[in-house]
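K.L.:
First the structure, then my questions, so here it is.
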Amino acid sequence: MAVTARPALDAQKLRADFPIFEQKIHGKPLAYLDSAVSSQKPRQVLDAMNVFYETSYTNVHRGVYTLSERATDAYEGAREKVRAFVNAPSAREVIFLRNATEALNLVAYAWGLNNLGPGDVVLVSELEHHSNFVPWQYMAKRTGADFRMLPLDEHGELRLDALDETVGDGNVKVVATNLVSNSLGTISPVEKLAAWAHERGAIYVCDAAQAAPHRAVDVQALGCDFVAVSGHKMCGPSGVGFLWGRAELLESMEPFLMGGHMIRQVRFETTTWGELPHKFEAGTAPAAEAVGLGAAVDYLTDVGLDAIAEHEHALAAYALERLAEVGGITSYGPPADRRAGIVSFNVDGIHPHDVAQVLDSEGIAIRAGHHCCQPLMTKLGVAATNRASFYLYTVPDEIDRLVEGLHKVKRILG
Ligand SMILES: Cc1ncc(COP(=O)(O)O)c(C=O)c1O
């Protein structure tokens with residue numbers, strides 16, 4: 001049988017696409033180990049946005065002149081690229097928004113307000129980013145529904161065995177979890193959660209903000225009803241992300257934001273809504289940003305999502321191994337074979353902010369804080385952690401530098 005294996009990615013070569021790595025920080029090469037907060041941008045994305053601004057820019061879906069048609073074609077072309085990227089059945093189901101936070105708020109408001117009430121249960125997990133926690137907590141309170149959290153086990157993985165017990169005889173209406181945790185790198189069994197939710201007559205909402213940049217996300221194979229993604233974490237610009245939702249659900253929902261473009265007809269007495277996806281895209285669209293996101297999709301597709309996932313997995317395994325050698329380090333999260341390219345840890349007795357500051361003096365950028373996951377921090381019994389997160393441009397040498405930096409931290413502050 002012929003095997004057409006894709007070569008593993010060459011991170012060192014890919015770094016040449018990212019102008020940010022041409023500089024030094026405190027006289028040292030930049031070791032950017034904070035891609036989970038936001039990724040760096042390749043020249044291909046920056047150039048695509050520049051070309052759009054220089055040759056095709058105007059507001060989209062407005063004028064009938066040539067430039068307007070060109071801009072609209074570029075914007076809708078980006079939507080089609082995103083559709084293919086997540087294997088959505090139709091581009092009508094792809095809504096361009098500012099980021100995953102806006103996408104999750106859209107679902108919580110536009111679906112939640114009309115579908116939740118007393119006796120219903122909204123289920124999230126202890127592993128959620130605040131963006132997939134606070135909107136549901138708020139909407140449950142506002143509608144009188146019960147808000148519940150699926151617990152984690154000692155590895156920071158969702159306890160699927162506790163699903164029935166957590167919900168009890170409540171009428172579960174929505175289950176909302178991430179696919180990849182931004183704090184621990186845990187990869188969650190989304191297909192199983194979606195199947196369980198559907199068996200109970202609930203919808204399943206997937207926060208794929210940390211998944212879509214790093215592994216192939218197929219919304220149909222996962223069986224989700226809604227999927228939220230941010231562009232800036234996947235080599236795209238800030239200011240654009242998207243929501244994918246099943247057409248019948250999106251069609252049944254009221255709009256989230258109202259104003260220009262999202263209407264069919266406005267009269268003094270009443271207003272009717274436009275078709276999908278326009279009903280959910282009020283106001284001037286982030287056209288250049290969407291074009292940049294389309295270029296990011298091309299870039300990631302060209303590198304190969306499977307190769308990216310494999311590369312980051314190898315880096316996570318290497319990082320966990322090297323961190324264990326340092327001594328006095330507590331790391332959190334599942335074993336390497338069940339996590340994405342994210343490692344969270346604490347250096348015994350040293351505050352994460354101090355750790356991150358010393359590392360910065362070595363040109364190493366990591367995140368220190370609660371990572372917008374305060375319920376998880378409570379569960380772990382800590383106020384904050386250090387987090388190193390990897391991407392397609394991360395090389396093992398940067399992990400070696402992180403480890404050397406941690407020895408320095410211990411020498412200075414230990
Ligand atoms: C898992 C997860 N969900 C949601 C978000 C929110 O993304 P944004 O700030 O782009 O809306 C983040 C950002 O860190 C995240 O990691």
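Values in this text are rule-based calculations from the coordinates and carry no lab data. As the structure is a prediction and not an experimental result, all values here were calculated from the model. All Cβ positions, glycine included, derive from the backbone under ideal geometry; neighbour counts span all protein chains shown.
K.L.:
For an R0 of 56 angstrom, estimate the FRET efficiency from the Cβ-Cβ distance between ILE412 and GLU269 and round to the nearest 0.05.
P.N.:
For ILE412 and GLU269, the calculated efficiency is 0.20.
K.L.:
Between rounded, prolate and oblate, where does segment 244-288 land on the alpha carbon gyration tensor, with a ≥ b ≥ c its root eigenvalues, rounded for a/c under 1.5, else prolate if a/b exceeds b/c?
P.N.:
Note, shape of segment 244-288 comes out oblate.
K.L.:
Sort ARG200, ARG411 so that the residue with the fewest other Cβ atoms within 10 Å of its own Cβ comes first and the one with the most comes last.
P.N.:
ARG411, ARG200
K.L.:
About the Cα centre, and with charges only on the beta carbon of Lys, Arg (+1) and Asp, Glu (-1), how big is the dipole of the chain? Nearest 20 debye, please. Let's see the in-between values first.
P.N.:
Working: 37 positive and 51 negative charges, 150 e Å.
The dipole magnitude comes to about 720 debye.
K.L.:
If one computes the Cα centroid of segment 338-372 and of segment 173-245, what distance in Å separates the two points?
P.N.:
Cα centroid to Cα centroid, the span is 25 Å.
K.L.:
Roughly how big is segment 93-159's charge dipole about its Cα centre, with Cβ charges of +1 (Lys, Arg) and -1 (Asp, Glu), in debye to the nearest 20?
P.N.:
I would put it at about 340 debye.
K.L.:
Let me ask you something else. Project the alpha carbons of segment 172-249 onto their principal axes and report the range along each, largest first, in whole Å.
P.N.:
38, 29, 19
K.L.:
Quick check: net charge around LEU152, other residues with Cβ under 10 Å of its Cβ, Lys/Arg +1 and Asp/Glu -1?
P.N.:
-2
K.L.:
Okay, moving on. Putting +1 on Lys and Arg Cβ atoms and -1 on Asp and Glu Cβ atoms, find which of HIS371, ALA140, VAL172 reaches farthest to the positive end of the dipole of the chain.
P.N.:
Positive-end residue among those listed: HIS371.
K.L.:
What list of ³J(HN,Hα) values in whole Hz, one per residue of segment 245-258 in order, does the Karplus curve 6.51 cos²θ - 1.76 cosθ + 1.60 (θ = phi - 60°) give from phi, with Gly and Pro shown as x?
P.N.:
These are the phi-based 3J(HN,Hα) values: x, 5, 3, 5, 6, 4, 5, 7, 8, 6, x, 9, 10, 10 Hz.
K.L.:
Among ASN178, ASN99, ASN115, whose mean-square fluctuation peaks in a Gaussian network model of the chain (Cα, cutoff 10 Å)?
P.N.:
ASN115
K.L.:
Now a separate question. With a cut-off of 8 Å between alpha carbons and a minimum separation of six or more residues, what is the relative contact order of the chain in percent?
P.N.:
Details: 830 pairs, mean separation 93.5, N = 414.
The normalised contact order for the chain reaches 23 percent.
K.L.:
For every other residue with a beta carbon closer than 13 angstrom to the beta carbon of SER238, add +1 if it is Lys or Arg and -1 if Asp or Glu, then tell me the sum.
P.N.:
+1
K.L.:
Let me ask you something else. Of PHE242, PHE96, PHE268, which has the largest mean-square fluctuation in a 10 Å C-alpha GNM of the chain?
P.N.:
Checking each option, the largest mean-square fluctuation is seen for PHE268.
K.L.:
What's the FRET efficiency of ALA383 with THR55 using the Cβ-Cβ distance as r and R₀ = 51 Å, to the nearest 0.05?
P.N.:
Details: r = 50 Å, r/R0 = 0.98.
Efficiency, rounded to the nearest 0.05: 0.55.
K.L.:
Let me ask something else about it. What does the C-alpha gyration tensor say about the overall shape of segment 19-150? Classify as rounded when a/c is under 1.5, otherwise prolate if a/b is larger than b/c, or oblate.
P.N.:
It comes out oblate by the Cα gyration axes.
K.L.:
Please list, ordered by chain and number, the residues whose modelled amide H lies under 5 Å from the amide H of LEU30; skip anything fewer than 5 residues away on the same chain.
P.N.:
Those lying under 5 Å, H to H, from LEU30 are ILE25.
K.L.:
Moving to a separate point now. Quick check on the chain: what are the equivalent-ellipsoid semi-axes from the Cα gyration tensor, as sqrt(5λ), descending, whole Å?
P.N.:
Semi-axis lengths for the chain are 35, 29, 18 Å.
K.L.:
A further question follows. Mind giving me the FRET efficiency for TYR65 and VAL37? R0 is 35 Å, r the Cβ-Cβ distance, nearest 0.05 is fine. Display every interim value, and only then the final one.
P.N.:
Working: r = 40 Å, r/R0 = 1.15.
Computed FRET efficiency for TYR65 and VAL37: 0.30.
K.L.:
Which cross-chain or sequence-distant (5 or more) residues have an amide H under 5 Å from the amide H of ILE203, H modelled 1.01 Å from N in plane?
P.N.:
Residues meeting the criterion, in which the H sits 1.01 Å from N, are VAL174, VAL175.
K.L.:
Same structure again: Calculate the dipole size of segment 256-382 relative to its Cα centre from +1 charges on Lys and Arg beta carbons and -1 charges on Asp and Glu beta carbons; express the result in debye to the nearest 20.
P.N.:
The dipole of segment 256-382 has a size of about 620 debye.
K.L.:
What list of ³J(HN,Hα) couplings, whole Hz, do you get for segment 154-167 from phi and the Karplus terms 6.51, -1.76, 1.60, once you set θ to phi - 60° and write x for glycine and proline?
P.N.:
5, 8, x, 10, 5, 8, 4, 5, 9, 4, 4, 5, 5, 8
K.L.:
Here is a further query. Report the local net charge at ALA317: Lys and Arg +1, Asp and Glu -1, summed over other residues whose C-beta lies under 12 Å from its C-beta.
P.N.:
Charge balance in the 12 Å sphere: -1.
K.L.:
Hey, any idea what the orientation-averaged projected area of the convex hull of segment 113-175's Cα atoms comes to, in nm²? Each step should come with its number before you reach the end.
P.N.:
On the way: hull surface 16.2 nm².
Over all viewing directions, segment 113-175 projects a mean Cα-hull area of 4.1 nm².
K.L.:
Counting other beta carbons within 10 Å of each residue's own, what order do MET377, MET253 fall into, fewest first?
P.N.:
The order, fewest Cβ neighbours first, is MET377, MET253.
K.L.:
Can you give me the relative contact order of segment 189-241 as a percent, contacts being Cα pairs under 8 Å and 6 or more apart?
P.N.:
Relative contact order here is 34 percent.
K.L.:
Restricting to Cα pairs below 8 Å that are 6+ residues apart, what does the relative contact order work out to for segment 1-93? Please round to a whole percent. Write down the numbers at each step before the final one.
P.N.:
Working: 47 pairs, mean separation 13.5, N = 93.
Relative contact order, segment 1-93: 14 percent.
K.L.:
Next question, about the same structure. Could you tell me which helices of the chain pass both thresholds, a Cα extent of 18 Å or more along their own axis and a mean Kyte-Doolittle hydropathy of at least -0.5, with helices taken as whole DSSP H runs?
P.N.:
Membrane-span-like by this rule: 287-303, 305-326, 396-413.
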